[in-house]
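Scroll down for the structure; my scribbles are underneath it.
The values are calculated or read from the model by the stated rules, or taken from the named source; none is laboratory data. Being a predicted model, the structure only gives us computed values, none of them experimental. Virtual Cβ from ideal backbone geometry, glycine too; neighbours counted across all protein chains shown.
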Amino acid sequence: MKSKTNILLFCLLFVLYSCVSKQENIIEQNSIEVHKNELSRTERIQNYKDKLDSVNLFLEWKETDFELWKSKNGDLGLKTQGGTDEGIFITKYIRQLADYRPLNEVIDTLTFKYIGSSFYKDKNNIYTHYEMAYGGNFWIVEDADTESFEVIGDCYAKDKNFIFVERAMKMDSVDYKTFKTCLGCGCFAKDKNGYYFWDEKMDKNDFLNTEETLEIYKKLQKL
């Protein structure tokens, strides 16, 4: 009888201990979540930067002679450095295209080079890097002819068929034959139908808003 009582007492104590332990875990997890939520945006960004810097240091990135970097594991990476509003600069190595293919499986390193603006090329493709605070994306420009592709001005490019612009890529709405821009014109351009900022049509009166845009307007008029 005494043995059965001891067993029942042991079982009761085990259940009570399990409940207390479970409750302690819940409290600890809630404490972690509260602490996490208490972090400021600056602290969260700094934590992200510190972890990324540690990974980059471990991978021992080395600069190549063809505009990319290589890790000790043999990965290729496009080095980017973006700044945030908090004044924190984040270095990142983009190791894959936007479609998740590794760069070392796609890029021809013997012919890969930077050609201006946001554009790169090798014998097979035209590439573009859309820069953002956390590195941005790197992808192949669709419908681009590698033989005739060239950068024009600060933000635009063209091949034998199309006009391209940073971020938006192929511009279907512009008049190819009369499209013009220049170095120093920023992301402004014109054709026979009017003026553009990036890929957006704009009114010529918008150039009057600042002295800088007015100077660009004068440049475009001379083209």
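Right, Y217: among the aromatic types (F, W, Y), out of contact with any helix residue (DSSP H, G or I) (no Cβ under 8 Å at 6 or more places or on another chain) and crowded, with 16+ Cβ neighbours inside 10 Å or not? Spelling it out, it is not the case that Y217 is among the aromatic types (F, W, Y), out of contact with any helix residue (DSSP H, G or I) (no Cβ under 8 Å at 6 or more places or on another chain) and crowded, with 16+ Cβ neighbours inside 10 Å. In this entry, T178 is excluded by the filter for residues that are free of Cβ contacts under 8 Å to residues at least 40 places away in the same chain, closer than 15 Å to K121 by Cβ and in contact with a Lys or Arg (Cβ under 7 Å, 6 or more places away or on another chain). From the list K70, K92, the one residue that fits, being in contact with a strand residue (DSSP E or B) (Cβ under 8 Å, 6 or more places away or on another chain), modelled with pLDDT of 95 or more and among the charged types (D, E, K, R), is K70.
Take region 127-148 and flag every residue that is farther than 30 Å from K49 by Cα and surrounded by 20 or more Cβ atoms within 10 Å (Cβ to Cβ).
Selection gives A144 alone.
Consider region 113-126 and keep the residues that are basic (K, R) and in contact with a Lys or Arg (Cβ under 9 Å, 6 or more places away or on another chain). The one that is surrounded by the fewest Cβ atoms within 10 Å (Cβ to Cβ) is K113. Quick check on region 78-97: of everything there that is outside any strand (DSSP E or B) and over 18 Å from F58 (Cα atoms), which residue is nearest to the chain's Cα centre (by Cα)? So, considering only residues that are outside any strand (DSSP E or B) and over 18 Å from F58 (Cα atoms), the one nearest to the chain's Cα centre (by Cα) is L97.
For the structure I just gave you, tell me whether K160 is surrounded by 12 or more Cβ atoms within 10 Å (Cβ to Cβ), basic (K, R) and touching a residue at least 12 places away in the same chain (Cβ under 8 Å). The answer is no for K160.
Once region 72-98 is narrowed to residues that are within 16 Å of F138 (Cβ to Cβ) and hydroxyl-bearing (S, T, Y), the residue that is surrounded by the most Cβ atoms within 10 Å (Cβ to Cβ) is Y93. Within region 178-201, restricting attention to residues that are more than 27 Å from the chain's Cα centre (by Cα) and assigned to a strand (DSSP E or B), the residue that is surrounded by the fewest Cβ atoms within 10 Å (Cβ to Cβ) is G194.
Restricting the first residue to region 50-63 and requiring it to be surrounded by fewer than 10 Cβ atoms within 10 Å (Cβ to Cβ), which pairs with a second residue that is not in a loop (DSSP other than H, G, I, E, B) meet a Cβ separation below 7 Å and a spacing of at least six or different chains? Matching pairs, first to second residue: K62/W69; K62/K70. The selection criterion, being modelled with pLDDT of 95 or more, of a type in the set (A, V, I, L, M, F, W, C) and not in a loop (DSSP other than H, G, I, E, B), does not hold for A144.
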